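Enquirer: Below is a structure I'd like to ask you about.
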Amino acid sequence: MPSIAAAPGPWYGTLTRVQWKTLIAANLGWMFDGYETFALILTVGVALRQLLDPSQFPQISAYAGTVIAVTLLGWGIGGILGGILADYIGRRRTMIYAILAYSLVTGLSAFAFDWVSFALLRFLVGIAIGSEWSTGASITAEVWPDHARGKGAGLMQCGLGIGFFLASLIWLYVGALGPGAWRIMYVIGVLPALFVLWIRSGIPESQPWERTNESRRLAHARRQSGAALGEDEQALTRFTLVDLFVDPQNRRRAVLVFLLSLTTTLAWWGISTWVPPYIGSVAAKAGLPVQQWASYAGMTYNLGAILGYASFGFLADRFGRKPVTMLFFAMALVLTPVLFLWTQDLGLLLLVAAINGYFSLGQYSWMPVWLPELFPTRIRATAMAFAFNAPRFIAFLGPLLAGNLIVYFGGFGYAATIVATIYVLGLAAAPFLPETKGKPLPA
C-alpha cells in the first residue's frame, strides 16, 4: 500500500480501515503465540511433576530447561521456513497456515504421556509458532505509512505481552483445578484456529508483496525463455535465503541484526522465563501459595512488557531506532541483578518485575520496528525470519545453561546475572546499523 505522508493532526488520523484491520490481525496472531509460549513457562514444572518419576524431581529445573530449549529450537526452524514461505506464497496465506498448525499441535500437547512425548510435541508447537511472527510483522510494515510504522510495529508486538498476560490470568484459575490442570491450558490453545476464518475474509494481501511477486514471476519467465536478465531480475530469481547473503550490504546487515537478535532472544529465554518460578520460590519461603504468586508475577511482568512493547514504537518514531534499542538493552542489563539478587520483599519484587519486563521484554519491539526498514521487499520476510529465528539455534542453549546454573548455585540469582552479560553483545553491535526513522521501506 502506498505510504501516506505525515499530515497535521493526530498521527492516527491518516490511517485507513485496512491498515487498522491488518494491525489487529497481526496483533491477535502474535497474542495467540504469546499465550502458547507463556502457557509452557507457567505449566512446565507442574507438567513434569506428573510426567517424571518422583526420583527425578530434584532435576526438574534441568528437565524444564530441556523442554523449553527444544521448543526454542523448533521455533527457529519453523520461523525461517515461515519467512521463506511468506516471500513466495504471501504474508496472509502463511499467517493462516501458521495459526492453524500451532492451534492443532498445542491441543495435542494435552495428551502427552511422558516427558519425551511432551518435549516432542512442544518442539512441533515451536515450529508452528515460529512461522507466524515474520508474516505479521512484514505485512504490518508494508501496509502502515512511514511516519507511523514504528507505532504500528510496537502495537503489533504488544500482542505477545497480552498473550503472556492472558496465560497468567487463565492459569491463576485453571491451575487450582488439580495436577492435570496443565492439560486444560493446552486444550484452550486450540481456540485460535477459529480466528483464521476472520483473517480469510477480512485481511487483504500486502500490495508491495503482490507487486514484487509479479515481478518475480516475470523474471522467472524471462529466464526460462533464455533472455538476458538485469541485476534486479537476477536477484528476483535467486532463492531468498541465498539472495540475503549475496549482496554485501544485505549480508552485513544480516550479521549485525543476528547479533542483536541473539542478545534479545538468549536473554529472554535464559532469564525472563524464570521470573514466575523465581518469585514463586520467594513466596514459598514466606509460606505463601507458589502457583498463585507465580501467576501474579507473570501478570505484573507482562503488564510492564505490554507497555514496553507499545511505547518502544512511539519512542523509536520520536528519537530513532538506534538510541532507543540501546537504551532498552542497557536498562535490561542493570535491572537483572536488581530483580534476582537485590530485592526480597514480595510486593516490591512484583514492582521490579514489571519494570524489568518493560525493558527486557519490551526490547523485542526493535525487531518489527527496525528490521523491515533494512531489507528490500523481495527478501523482507526471509530476512526478518532469519534475524528473529536463526539466533534460536544458539539461544536454545540459554534455558539449558540457566537450568543447570540454577541447580549448581541452588537458586536463580547468580544464574540470571551471568546470563545477562549477553546484553553487552547487543550494545556493541547496534551502533553499526543505519538509522531508518521516518524513511520509506526499501523497494
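Where a number appears in this text, it was derived from the coordinates with a stated rule and is not lab data. What you see is a predicted model, and the numbers here were worked out from it, not measured in a lab. Neighbour counts run over all protein chains shown; Cβ positions are idealised from the backbone, glycine included.
Enquirer: Quick one: check the C-alpha center-to-center distance for the stretch 264-278 versus the stretch 51-97, whole angstrom.
Expert: Using only Cα atoms, the two centres lie 16 Å from each other.
Enquirer: Roughly how tilted is helix 275-285, in degrees to the nearest 10 and between 0 and 90, from the longest Cα axis of the chain?
Expert: The angle comes out near 10 degrees.
Enquirer: Return a whole-number percent for the relative contact order of the chain, with Cα pairs under 8 Å and 6 or more residues apart as the contact set.
Expert: The value is 26 percent.
Enquirer: Could you work out how far helix 397-409 tilts from the main Cα principal axis of the chain, as a 0 to 90 degree angle to the nearest 10?
Expert: 20 degrees
Enquirer: Additional query: What net charge do the residues around GLU214 carry, taking every other residue with its C-beta under 14 Å from that of GLU214, with Lys and Arg at +1 and Asp and Glu at -1? Each step should come with its number before you reach the end.
Expert: On the way: positive: ARG211, ARG216, ARG217, ARG222, ARG378; negative: ASP87, GLU205, GLU210, ASP232, GLU233.
Summing Lys and Arg as +1 and Asp and Glu as -1 gives 0.
Enquirer: I've got another one for you. Can you work out the FRET efficiency for the pair GLU231 and TRP198, with r the C-beta to C-beta distance and R0 = 35 Å, to the nearest 0.05?
Expert: Rounded to the nearest 0.05, the efficiency is 0.30.
Enquirer: Please give, to one decimal in nm, the separation of the simple spin-label points placed at PHE113 and LEU100, each 7 Å out from Cα toward the Cβ.
Expert: Placing both labels 7 Å along Cα→Cβ, they lie 2.9 nm apart.
Enquirer: May I ask you to sort HIS147, HIS220 by Cβ crowding, counting other Cβ atoms within 10 Å and putting the fewest first?
Expert: HIS220, HIS147
Enquirer: Rank the residues THR382, THR417, THR16, THR273 as a footprinting-exposure proxy: fewest other Cβ atoms within 10 Å of their Cβ go first.
Expert: Ranked by crowding around the Cβ, least crowded first: THR16, THR417, THR273, THR382.
Enquirer: For TYR97, what charge total do you get from the other residues with a beta carbon under 15 Å from its beta carbon, if Lys and Arg give +1 and Asp and Glu give -1?
Expert: Charge balance in the 15 Å sphere: 0.
Enquirer: Now for a different question. Running a GNM on the chain with Cα contacts under 10 Å, which residue among LEU244, LEU23, LEU341 ends up with the highest mean-square fluctuation?
Expert: Its mean-square fluctuation being the largest, the pick is LEU341.
Enquirer: What order do you get for MET185, MET331, MET384 when you list them from fewest to most C-beta neighbours inside 10 Å?
Expert: Going from least to most buried by this count: MET331, MET185, MET384.
Enquirer: Over the stretch 16-432, what number does the Rg to Rh ratio reach, with both radii from the alpha-carbon atoms and Rh per Kirkwood?
Expert: 0.98
Enquirer: May I have the pair-distance distribution P(r) for the stretch 265-424, computed from all Cα-Cα distances with 10 Å bins from 0 and rounded to whole percent?
Expert: 11, 37, 34, 14, 4, 0
Enquirer: How far apart, in nanometres, would the label points at ALA221 and TYR88 be if each is projected 7 angstrom from Cα along the Cα-to-Cβ direction?
Expert: 2.0 nm
Enquirer: Rg and Dmax of the stretch 210-339 over Cα atoms: what are they, in angstrom?
Expert: When restricted to Cα atoms, the stretch 210-339 yields Rg and Dmax of 23.3, 77 Å.
Enquirer: Quick check on the stretch 88-180: take the gyration tensor over C-alpha atoms, sort the square-rooted eigenvalues as a ≥ b ≥ c, and tell me if it's rounded (a/c under 1.5), prolate or oblate.
Expert: Working: a/c = 3.65, a/b = 1.65, b/c = 2.21.
Oblate, because a/c is 1.5 or more while a/b does not exceed b/c.
Enquirer: Pop the C-beta distance of LYS21 and LEU346 into the FRET formula with R0 = 35 Å and round what comes out to the nearest 0.05.
Expert: 0.25
Enquirer: Moving on to the next point. Counting only other residues whose beta carbon sits under 11 Å from that of ILE203, what net charge do I get with K and R as +1, D and E as -1?
Expert: On the way: positive: LYS21, ARG91, ARG92, ARG93, ARG200; negative: GLU205.
Once all neighbours under 11 Å are counted, the net charge is +4.
Enquirer: I would also like to ask the following. If I model a spin label at VAL334 and LYS285 as a point 7 Å from the Cα along the Cα→Cβ vector, what separation in nanometres do I get?
Expert: 2.5 nm
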